[in-house]
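The numbers here are math on the coordinates, done by the rules we state, and not lab data. Remember, it's a predicted structure, so these values are computed and weren't measured experimentally. Note: ideal-geometry Cβ built from the backbone for every residue, glycine included; neighbour counts use all protein chains shown.
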Amino acid sequence: MKTSEWISLIAVLFSIISFVLSFVLSARSARAAIKPVLVVIYDASQGWIIKNVGNGPALNLIVALRNLAGVWMKPVRVPPIAASGEFIPTWIDHDNDHGIGVYYEDFQGNGFTSRCGNDLTQVSKGSLFPAWKDEQIWQTLVEGSGSTHFTR
């Protein structure tokens, strides 16, 4: 091969690599632009608050408590949380004896779990909860007065 052919081949390879890298980074950026990220924070006046600090709505939420043995328990399904929105799980109140976890999905069905314990929040892909059956998960019914009631 001539030198000019080598230079042309290298230029084509460089263009292909640049295109692929640009495509991957663009797709990753687009996903991040619509991804919900839930954090569990404590407010002295309200108790625990689940806040969406991400850019997309959090759907199909399940909130659960974790005991000292590391067992997830008391799952409760709650309404979706919009970007920059929040939900106050009034039944948890000021409980500082348990860890708190929230499973949620983005609008594409990708699942995530946020968990908080000992003032440490971690976000993971997928569910860290047991595979509860629907009849094991409590449903929230939020009344107009702000009180929360449950049903199965």
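Quick one: if the Förster radius is 30 Å, what FRET efficiency do Q139 and L68 give, using the C-beta to C-beta distance and rounding to 0.05? Before the final figure, lay out each step's value.
Numbers: r = 27 Å, r/R0 = 0.90.
Here the calculated transfer efficiency is 0.65.
Given (i) 56, 31, 28; (ii) 37, 36, 35; (iii) 78, 36, 33 as candidate values of Cα extents along the principal axes in Å, which corresponds to the one derived from the coordinates?
Of the listed options (i) 56, 31, 28; (ii) 37, 36, 35; (iii) 78, 36, 33, (iii) comes from this structure.
Could you give the length gained by full extension between M1 and Q108, i.e. 0.36 nm per residue of separation minus their alpha carbon distance, to one decimal place?
Details: separation 107, 0.36 × 107 = 38.52 nm, distance 4.92 nm.
Taking M1 through Q108 to full extension adds about 33.6 nm, to one decimal.
Which translational diffusion coefficient, to the nearest whole µm²/s, is obtained for segment 55-129 from the Stokes-Einstein equation, given a Kirkwood hydrodynamic radius over C-alpha pairs, 4 °C and 1.567 mPa s? Present the calculation step by step, with values, prior to reporting the outcome.
On the way: Rh = 12.7 Å.
This corresponds to a translational diffusion coefficient of 102 µm²/s.
Take the Cα of S29, step 7 Å along the line toward its Cβ, and report every residue of segment 88-117 whose backbone nitrogen sits under 16 Å from that point.
none
Okay, helix-only estimate at 222 nm for the chain: each DSSP H run of n ≥ 4 adds -39500 (n - 2.57), divide by all residues, round to 500 deg cm²/dmol; what do you get? Don't skip to the answer; put the middle values down first.
Details: 1 runs with 31 residues, N = 152.
Taking each H run of at least 4 residues, the total per residue is -7500 deg cm²/dmol.
Once the piece of chain linking R77 and I41 is laid out straight, how much longer is it, given 0.36 nm per residue of separation minus the C-alpha distance between them?
On the way: separation 36, 0.36 × 36 = 12.96 nm, distance 1.86 nm.
The span from R77 to I41 would gain 11.1 nm if fully extended.
Provide the percentage of antiparallel DSSP beta bridges, counting only those with both residues in the chain; round to the nearest 5.
Numbers: 36 of 38 bridges.
Among the beta bridges of the chain, antiparallel pairing accounts for roughly 95 percent.
Kindly state, to the nearest 0.05, the FRET efficiency for D93 paired with N60, given R0 = 22 Å and r defined as their beta-carbon distance. All intermediate terms of the calculation are to be shown ahead of the outcome.
On the way: r = 24 Å, r/R0 = 1.10.
So, using R0 = 22 Å, E works out to roughly 0.35.
Less than 25 Å apart at the alpha-carbon level, and either on another chain or at least 8 residues along: which lysines does that give for K125?
Within reach: K35, K51, K74, K133.
One quarter of the convex hull surface, Cα atoms only: what value does that give for segment 26-97 in nm²? Before the final figure, lay out each step's value.
Working: hull surface 22.4 nm².
Result: a mean projected hull area of 5.6 nm².
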